[in-house]
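Before any comments, here is the structure.
The values are calculated or read from the model by the stated rules, or taken from the named source; none is laboratory data. None of these values were measured; they are calculated from a predicted model. Virtual Cβ from ideal backbone geometry, glycine too; neighbours counted across all protein chains shown. All accessible areas refer to the heavy atoms of the entire protein, side chains included, with ligands and DNA or RNA removed. Shrake-Rupley method; radii C 1.70, N 1.55, O 1.52, S 1.80 Å.
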Amino acid sequence: MAKQIMIVDDDRDILEFMYLMLAYEGYDVLVSTTAEEIQQMRPSDLPDLLLMDVKLAEEDGRVICHRLKTNEQTKEIPIIMLSAQVTERQVRHVCPADDFLAKPFALETLLDKVEKQLPEHS
């Protein structure tokens, strides 16, 4: 069974690019322009990995990350934060993300970071 990745970014072009690349690599990919969906998921429906932009229209992704990492039901989900304006240090100051990816990024870098968080993906 394919590992499920949820991408949360309010930039539809980035969502489409990441969706196409990760789906091509065999992942089951969900996309959302808001983090509301992941915050309302039942435990049985949670993704195996979350890729989330720092700058979301409705809320700071770092705050959402912190909320997810301090919740018993979601704390084990690996989270890779994405940003073009914020540094990794600024992200880690607010939330315990598992990794960080600066925009713009190379496809190989994205795949390396995803595979690091989901090493059992075949």
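Observations on the model:
- Each other residue within a Cβ distance under 14 Å of Gly26 adds +1 if Lys or Arg and -1 if Asp or Glu, for a net charge of -4.
- Apportionment of accessible area to carbon and sulfur, segment 3-122, percent (1.4 Å): 47 percent
- The residues of the chain expose on average 55 square angstrom of accessible surface per residue, using a 1.4 Å probe on protein heavy atoms.
- The Cβ shell under 12 Å around Gln117 holds other residues with a net charge of -4, Lys and Arg each +1, Asp and Glu each -1.
- Reported label for calculated Cα Rg over 2.2 N^0.38 Å given (i) 1.11; (ii) 0.95; (iii) 1.24: (ii)
- Extension reserve of the Asp98-Gln85 stretch, reckoned as 0.36 nm per residue once the Cα distance is removed: 2.8 nm
- With helices as the sole contributors, the chain gives -10500 deg cm²/dmol at 222 nm; each DSSP H run of n ≥ 4 counts as -39500 (n - 2.57), and the sum is divided by every residue.
- The chain - charge dipole about Cα centre, Lys and Arg +1 at Cβ, Asp and Glu -1, debye rounded to 20: 420 debye
- Sites Asp45 and Asn71, calculated FRET efficiency, Cβ-Cβ separation with R0 22 Å, nearest 0.05: 0.90
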